[in-house]
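*Asks:* Structure incoming, see below.
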Amino acid sequence: MNHIFDWFFSEYQNVPTYIVVLEITAVFFGLLSAWFSKQDNILIYPTGILSTSIFVYLLAVYGLLGDLVINAYYFIMSIYGWYFWTRKVDEEHFTPITRTTSKEKQIAVMIFIGTLNFIFIIYQIFDKWNSWTAYVDTLTTAIFFVAMWLLARKKLENWTLLLIGNIISFPLYFYKGLIFTSFQFLLLIVIAIFGYYAWKKNLNKPEKSLLN
């Protein structure tokens, strides 16, 4: 057991303390945001914005360009989602949880393909095709871009894509040396499963409160 702990903390041996503290803080608020998402609670967005802001800085320090782009996009989608979730469909009710329409599925495919092309161009410009992880990053970025857009629009299917992205990201971040972040994705896998079933129970139900 001691060998496991020694290995775990050796990954942070040459990392400044403030970077480790920031990563733990970002992970904490990221998990909190995911939990609020499962609960269909508007607090998903202030906690998510705080988490992604910290991650953007950390990923810039680590030089993980694809992951940085993902979190910058999360930040933008959090602002959009905050607006969309608080819209009222009538005098008493907020936007409910719904399934993705045919038109939204078409838009989702366009976002996925557009993201793949965008990340490919960015990696070409900055010469980031130096590891197999770059190719996996491109795929997960496209998956998460679509998932976050669906989440912002309160679509049930966002959980399916988040589950796929989290499953891929758990070992990927472990390999990259961001151990705390890797375990965040492990917990996010569990939250995504429960989140799907929690949202499915409230599908198309009118919402009077965003602080469940």
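The values are calculated or read from the model by the stated rules, or taken from the named source; none is laboratory data. The model shown is predicted, which means the values in this text are computed figures rather than measured ones. Ideal geometry is used to build each Cβ from the backbone, glycine not excepted, and the neighbour counts take in all protein chains shown.
*Asks:* Being farther than 23 Å from residue 160 by Cβ, among the β-branched types (Val, Ile, Thr) and part of a helix (DSSP H, G or I) is the filter here, so list the residues in segment 62-86 that pass it.
*Replies:* 79
*Asks:* Take segment 109-126 and flag every residue that is surrounded by fewer than 21 Cβ atoms within 10 Å (Cβ to Cβ) and closer than 20 Å to residue 166 by Cα.
*Replies:* Within segment 109-126, 109, 111, 112, 113, 116 qualify.
*Asks:* Still on this model: Any chance segment 87-102 includes a residue that's in contact (Cβ under 8 Å) with a residue 12 or more places away in the chain and assigned to a helix (DSSP H, G or I)?
*Replies:* The answer is no, given that none of the residues of segment 87-102 is in contact (Cβ under 8 Å) with a residue 12 or more places away in the chain and assigned to a helix (DSSP H, G or I).
*Asks:* When both residues are 6+ apart or on different chains and their Cβ atoms are under 9 Å apart, which pairs have a first residue that lies in segment 17-31 and is of a type in the set (Phe, Trp, Tyr), and a second that is at pLDDT 90 or above and not in a helix (DSSP H, G or I)?
*Replies:* The qualifying pairs do not exist here.
*Asks:* Taking segment 181-209, which residues are surrounded by 17 or more Cβ atoms within 10 Å (Cβ to Cβ) and of a type in the set (Phe, Trp, Tyr)?
*Replies:* Selection gives 185, 196, 199.
*Asks:* Right, here's the next one. How about segment 136-164: which of its residues are among the polar types (S, T, N, Q) and modelled with pLDDT under 95?
*Replies:* Hits for segment 136-164 are 138, 140, 141.
*Asks:* Against the condition surrounded by 21 or more Cβ atoms within 10 Å (Cβ to Cβ) and free of Cβ contacts under 8 Å to residues at least 12 places away in the same chain, how does residue 158 come out, does it pass?
*Replies:* Here the answer is yes, as residue 158 does meet what is asked.
*Asks:* State whether one or more residues within segment 93-106 are closer than 15 Å to residue 207 by Cβ and among the small types (Gly, Ala, Ser).
*Replies:* no
*Asks:* I'm checking my understanding of the structure. Among residues of segment 67-102 that are in contact with a Leu (Cβ under 6 Å, 6 or more places away or on another chain) and at pLDDT below 90, which one is nearest to residue 177 (Cα to Cα)?
*Replies:* Filtering first and then ranking leaves 67.
*Asks:* Please specify each residue of segment 18-48 satisfying the condition of being buried (at least 20 other Cβ atoms within 10 Å of the Cβ) and of a type in the set (A, V, I, L, M).
*Replies:* Scanning segment 18-48 gives 26, 27, 34, 44.
*Asks:* Might you let me know whether segment 103-122 holds any residue that is modelled with pLDDT under 90, of a type in the set (A, V, I, L, M) and under 18 Å from the mean Cα position of the chain (by Cα)?
*Replies:* yes
*Asks:* Can you tell me which of (1) surrounded by fewer than 20 Cβ atoms within 10 Å (Cβ to Cβ); (2) over 12 Å from the mean Cα position of the chain (by Cα); (3) assigned to a helix (DSSP H, G or I) is the one residue 129 doesn't meet?
*Replies:* (3)
*Asks:* Moving on to the next point. Collect the residues in segment 103-131 that are without any contact (Cβ under 8 Å) to a residue 60 or more places away in the chain and aromatic (Phe, Trp, Tyr), keeping them in residue-number order.
*Replies:* Correct list: 112, 118, 120, 123, 129.
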